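Colleague: Sharing a structure, written as structure tokens. Questions coming.
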Amino acid sequence: MSKTYGYVRVSSRDQNEARQMIAMRRAGVPDGNILIDKRSGRDFERPEYKRLLKLLDSGDLVFIMSIDRLGRNYGEILDPWRYITKNIGADIAVLDMPLLDTRQGRDLLGTFVSDLVLQILSFVSENERRNIRERQKEGIEAARIRGVKFGRPRRVYPENYQRVRVQYLNGGLSLREAAVLCSVSYSTFYRWVTK
């Protein structure tokens, strides 16, 4: 008897998977069959994805919200798609792209159309990631030209720091006294003096 699974991925622990979970439940995936990874899509070192591959049998069905839940670029989307559909013999249904449902059009033309749409969308996905990175790089460069400083601001020591530092190093002040005079924590003053 075939089973239905849902694969949910968010890029980090603080992102919310609720939207994908609602879509999986609407598709009729039992909660116990929804596998969730809270990891980047940059590689397949995802424990729940690996678990999914072990659970899948021929004839099973996997729902994913969108193709970018599999991976972030052309190869990372096509390779797992082919592995699941061809090697395992399971079906995949992409909820936000009904054309990408391997249960439909199992004839040669249907398979061709599905593969073609998948390749186009995978290309578009990878191209969009490249464009985002390029726009980000251009934005950073434009900000630098405008004089925007990146990174931590330069450390500004209190006016009395050099005098207090010399007294501390000569043994005239304790660490606690020196920190209080500079209005910083003991660890901050110690870090300043020892760097």
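Colleague: Looking at segment 129-177, which of its residues are at pLDDT 85 or above and on the phi > 0 side of the Ramachandran plot?
Modeller: Residues satisfying the conditions are 147, 171.
Colleague: Any idea which of 81, 192 is of a type in the set (A, V, I, L, M, F, W, C), touching a Ser or Thr at 6+ places or on another chain (Cβ under 9 Å) and assigned to a helix (DSSP H, G or I)?
Modeller: Matching residue, one of 81, 192: 81.
Colleague: Looking only at segment 1-40, which residues are among the aliphatic types (A, V, I, L, M) and not in a loop (DSSP other than H, G, I, E, B)?
Modeller: 8, 10, 18, 21, 22, 23, 24, 34, 35, 36 - these are the residues of segment 1-40 that are among the aliphatic types (A, V, I, L, M) and not in a loop (DSSP other than H, G, I, E, B).
Colleague: Give me the pairs, please: first residue somewhere in segment 141-162 and closer than 29 Å to residue 191 by Cβ and among the polar types (S, T, N, Q), second residue anywhere and modelled with pLDDT of 85 or more and not in a loop (DSSP other than H, G, I, E, B), beta-carbon distance under 8 Å, and either six or more positions apart or on two chains.
Modeller: Close Cβ pairs (under 8 Å, with a partner that is modelled with pLDDT of 85 or more and not in a loop (DSSP other than H, G, I, E, B)) amount to 160/181; 160/182.
Colleague: Moving to a separate point now. Exactly one of (1) more than 19 Å from residue 83 (Cα to Cα); (2) among the hydrophobic types (A, V, I, L, M, F, W, C); (3) in contact with a strand residue (DSSP E or B) (Cβ under 6 Å, 6 or more places away or on another chain) is unmet by residue 63. Its number?
Modeller: So residue 63 meets the others, but not (1).
Colleague: How many residues are crowded, with 17+ Cβ neighbours inside 10 Å, of a type outside the set (Gly, Ala, Ser) and in a helix (DSSP H, G or I) if we restrict to segment 169-188?
Modeller: Total meeting the criteria: 2.
Colleague: Run down 166, 124, 117 and say which single residue is hydrophobic (A, V, I, L, M, F, W, C), in a helix (DSSP H, G or I) and touching a Leu at 6+ places or on another chain (Cβ under 7 Å).
Modeller: After ruling out the rest, the residue left standing is 117.
The values are calculated or read from the model by the stated rules, or taken from the named source; none is laboratory data. None of the values given here were measured: they were computed from a predicted structure. All Cβ positions, even for glycine, are placed from backbone atoms using ideal geometry, and neighbour counts span all protein chains on display.
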